[in-house]
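The values are calculated or read from the model by the stated rules, or taken from the named source; none is laboratory data. No experiment lies behind these values; they were computed from the predicted model shown. Please note: Cβ atoms are built from the backbone with ideal geometry, for glycine as well, and neighbour counts cover all protein chains shown.
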Ligand code: ADP
């Protein structure tokens, strides 16, 4: 099926126009056939009417002559009335017959003969009646027989003409059933043929659309999935229709994405080597200066040094977060599960945030019924708990307590970081785990963070097969939890 050259709009048009034209043709043929059948039926009815009316005319004439014979024998009042009634009927029958044959020139000519011979016989009847009325009586049955013969021979011509008149009609009447049967057969044939052709056309069009459009759209859909999954696209779809254009745009887009991806990788390696490494050594040097290794600093110097250290640490955190997010996005975040102890995890994490907590006189406590062992990546899980603790300390009031709570449940371990900060509004309880989502409270604290910590934490927890969430009562504190399979 070569249809790739057609535009999509043309194909759709074809899909409508083709069946429509076919149906119109089909209905027209059927209409013509039905009309023919109707004409044939009408012709047969008409023939029957002409034949019957002609027969009635002849019969009427015979009845009239019989009535006249009876009148000749016994001119009683009843017989006379009978005769007159029949005579009056004759012109009416002639008129009906005339109307019936008005449509055919040949029949009109034959009718003229019938008309003439009827009138002639009628004339004879009238003359005989007049003779009878003027005294010429028919005294016995033999004489009546003679009179009947006279009239019958006069009517003979009429019968011949009537035969001529109905000859064609009889023929029509004879062949009508065959003709009608033929038309009926033809209608059935056209009906079945039309239905079969309709089905064939529908199947053909379905294949036409499916091969030419649906299958190509499927390639297109597959390409969209491939773009998302960063895989190589299917070979280009040929043709010049809209789908082909779209496919070509997809290929261009894919190339652009590949290029962008390459450039992103270059930026990432530049960030991690050319930015992070010098920042790390700067941080190290600042720490050394702080220890007094290169001489003592006065109070102002210490203040400046601390501020510089904080800025550098913030920058390093930001770079680390960005590199982690990139890892998550490219599916390169992997966790190495080893047996872990909750108490160790908690202790290491608290150590890491001790300075932060001390600056706000916040006490960080561990709570658990005993140690809990579970499998996990210690570095990555510490990163999560440190992030939760960092947030808890950042948002908690001075002199408050932050708790790291461990609990062993049915088939998972739950670690909670509980603070008495402002809490998380209900509308943000899911959102905060998405990238760059921060609750804006107007205290400027969100500016201290990147909005990436919880998104990274969620990716790490999920990589462990666990879940993360927060329970919170606004204004009273938050309880961030992670649940890890034990
Ligand atoms: P960051 O802290 O760097 O902004 P996070 O992803 O760690 O990014 O947190 C996202 C946002 O969630 C924070 O900006 C803050 O608005 C809110 N948040 C997180 N932890 C807490 C908490 N313990 N108390 C109140 N708000 C919090």
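Here is how the numbers come out for the structure above:
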| item | result |
| --- | --- |
| Members of region 348-369 found to be under 20 Å from residue 321 (Cβ atoms) and either in contact with a helix residue (DSSP H, G or I) (Cβ under 8 Å, 6 or more places away or on another chain) or modelled with pLDDT of 95 or more (or both), listed by number | 348, 349, 352, 353, 356 |
| Residue that is within 8 Å of the ligand (Cβ to nearest atom), at pLDDT 95 or above and touching a helix residue (DSSP H, G or I) at 6+ places or on another chain (Cβ under 9 Å), where the choices are 470, 461, 439 | 470 |
| In region 170-193, the residues that are within 60 Å of the chain's Cα centre (by Cα) and closer than 20 Å to residue 105 by Cα | 171, 172, 173 |
| Condition broken by residue 383, with the remaining ones in (1) farther than 21 Å from residue 315 by Cβ; (2) at pLDDT 95 or above; (3) surrounded by fewer than 21 Cβ atoms within 10 Å (Cβ to Cβ) satisfied | (1) |
| Residue that is within 16 Å of the ligand (Cβ to nearest atom) and either without any contact (Cβ under 8 Å) to a residue 60 or more places away in the chain or on the phi < 0 side of the Ramachandran plot (or both), where the choices are 372, 386 | 386 |
| Candidate set from region 353-369 (those that are in a helix (DSSP H, G or I) and within 16 Å of the ligand (Cβ to nearest atom)); member that is nearest to residue 419 (Cα to Cα) | 357 |
| Residue within region 372-380 that is within 30 Å of residue 309 (Cα to Cα) and over 51 Å from the mean Cα position of the chain (by Cα) present | yes |
| Of all residues making up region 389-431, the number that are part of a loop (DSSP other than H, G, I, E, B) and either without any contact (Cβ under 8 Å) to a residue 60 or more places away in the chain or within 9 Å of the ligand (Cβ to nearest atom) (or both) | 15 |
| Candidate set from region 399-427 (those that are farther than 26 Å from residue 360 by Cα and under 49 Å from the mean Cα position of the chain (by Cα)); member that is surrounded by the most Cβ atoms within 10 Å (Cβ to Cβ) | 413 |
| Residue count for region 370-381, restricted to those that are assigned to a helix (DSSP H, G or I) and touching a helix residue (DSSP H, G or I) at 6+ places or on another chain (Cβ under 9 Å) | 3 |
| Candidates 350, 319, 289 - the one that is within 52 Å of the chain's Cα centre (by Cα) and more than 30 Å from residue 219 (Cβ to Cβ) | 319 |
